[in-house]
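A short write-up of the structure that comes next.
The values are calculated or read from the model by the stated rules, or taken from the named source; none is laboratory data. Because the structure is a prediction, the values reported are computed rather than measured. No Cβ is skipped: glycine too gets one built from the backbone with ideal geometry, and neighbour counts run over all protein chains shown. Note: areas computed on protein heavy atoms with side chains; ligands, DNA, RNA excluded. Shrake-Rupley method; radii C 1.70, N 1.55, O 1.52, S 1.80 Å.
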Amino acid sequence: MIAVLGALAPAQLGCQAPGEDVEGAFYDGDGRAVHCALGIDTVTRNSLASIDTALDRAASRGEVVELYAHDPGRTVEVATLAHVLEGATARGLPFVTYAAFARGDVTGPGLALSFDDTSISSWYALRPLLQEHAARVTFFVSRYHKVDAERRALLHELAADGHDIEAHSVLHLRAPEYVEDFGLAAYLDDEVRPSIEILRADGFAISAFAYPFGARTGELDRALLAEVPILRSVSFSYAGVIASPCPR
């Protein structure tokens, strides 16, 4: 996601909608299996005011707003995350994980905050702030085979705090392109199942998968939903040359 947006000049990004207008980022209890989250990394230029409109909508309409970022302190300012957590607390928005979506017991309003990739040390450094707000978030982990024992232990501590650990592929490759080049079965065998299996083997109960870059197709959705009950893509706040991968 960062690579996609970062490669485009501001003029190419088109008009940006406030968070409250990004329909795909709100869950209204419809039981959907393919979710979408709105980015709050700095590169997305999703302002605090825009984020506040999304939190306000969730509170007023009884919806769950889904937000995601990557590396606290690098791709997203810790102050931005503090603002989000404080905003959720002030509005009485419960924290929702993707495991809860998978269980089918989520009703709004709420906030589903997730983090992607392998910034485990940075996620762990955020632990006091998460504890301050009794927040429960989801960490979608990629490249777990390259994570050393020390960082794996940190991830287990986060899980023990009540956070949700989920799968995000092996090498963080774009799924549609991989399928086009090598076939759907190869993507499942090379990127999806090993990502799920290595995490399960290390003691994490995996029930969701986040598409790298949010890149997905209906064919991929159908195949992956045979592996896990919940998928997460992304929803863009920009209109223009960027086509949102979020299902319509």
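Considering (1) touching a Pro at 6+ places or on another chain (Cβ under 9 Å); (2) among the β-branched types (Val, Ile, Thr); (3) closer than 17 Å to residue 102 by Cβ, the lone condition that residue 192 does not fulfil carries the number (1).
Restricting attention to the stretch 136-150 and to residues that are over 26 Å from residue 186 (Cβ atoms) and crowded, with 22+ Cβ neighbours inside 10 Å, the residue that is farthest from the chain's Cα centre (by Cα) turns out to be 137. Tally up the residues in the stretch 195-232 that are hydrophobic (A, V, I, L, M, F, W, C) and either part of a loop (DSSP other than H, G, I, E, B) or open to solvent by 40 Å² or more (accessible area, probe 1.4 Å) (or both), please. Result for the stretch 195-232: 10. Please go through the stretch 25-62 and give me each residue that is of a type in the set (Val, Ile, Thr) and either part of a strand (DSSP E or B) or more than 22 Å from residue 92 (Cα to Cα) (or both), ordered by number. Correct list: 34, 42, 43, 44. Annotation note: Cβ proximity below 8 Å between a residue of the stretch 200-227 that is under 16 Å from residue 117 (Cα atoms) and touching a residue at least 40 places away in the same chain (Cβ under 8 Å) and a residue that is among the β-branched types (Val, Ile, Thr) and open to solvent by 10 Å² or more (accessible area, probe 1.4 Å) (sequence gap 6+ or interchain) occurs for 213/4.
Residues that are in contact with a Gly (Cβ under 7 Å, 6 or more places away or on another chain) and surrounded by fewer than 23 Cβ atoms within 10 Å (Cβ to Cβ) within the stretch 42-54 comprise 43, 50, 51, 52, 53, listed in sequence order. Take residue 125 and tell me if it is surrounded by fewer than 20 Cβ atoms within 10 Å (Cβ to Cβ), in contact with a Pro (Cβ under 8 Å, 6 or more places away or on another chain) and small (Gly, Ala, Ser). When the stated conditions are applied, residue 125 passes them.
When we screen 89, 107 for residues that are within 23 Å of residue 28 (Cβ to Cβ), among the polar types (S, T, N, Q), out of contact with any Pro (no Cβ under 9 Å at 6 or more places or on another chain) and not in a helix (DSSP H, G or I), the only hit is 107.
The requirement of being at pLDDT 95 or above and open to solvent by 70 Å² or more (accessible area, probe 1.4 Å) is satisfied by residue 89. Scanning the stretch 100-130 for residues that are polar (S, T, N, Q) and either at pLDDT 95 or above or within 21 Å of residue 205 (Cα to Cα) (or both) returns 114, 118, 119, 121, 122.
Within the stretch 58-86, the residues that satisfy the criterion of being open to solvent by 60 Å² or more (accessible area, probe 1.4 Å) and more than 23 Å from residue 120 (Cβ to Cβ) are 60, 61, 86.
Each row is one residue, and each column tells you yes or no for (1) open to solvent by 50 Å² or more (accessible area, probe 1.4 Å); (2) of a type outside the set (Lys, Arg); (3) in contact with a His (Cβ under 8 Å, 6 or more places away or on another chain); (4) part of a loop (DSSP other than H, G, I, E, B).
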residue	(1), (2), (3), (4)
152	yes, no, no, no
157	yes, yes, no, no
162	no, yes, no, yes
178	no, yes, no, no
193	yes, no, no, no
234	no, yes, no, no
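Scanning the stretch 92-104 for residues that are in a helix (DSSP H, G or I) and either open to solvent by less than 50 Å² (accessible area, probe 1.4 Å) or in contact with a helix residue (DSSP H, G or I) (Cβ under 6 Å, 6 or more places away or on another chain) (or both) turns up 98, 99, 100, 101, 102.
Pairs linking a residue in the stretch 11-24 that is over 15 Å from residue 55 (Cα atoms) to a residue that is modelled with pLDDT under 80 and open to solvent by 90 Å² or more (accessible area, probe 1.4 Å), with Cβ atoms under 7 Å and 6 or more positions apart or on different chains, are 12/241; 14/241.
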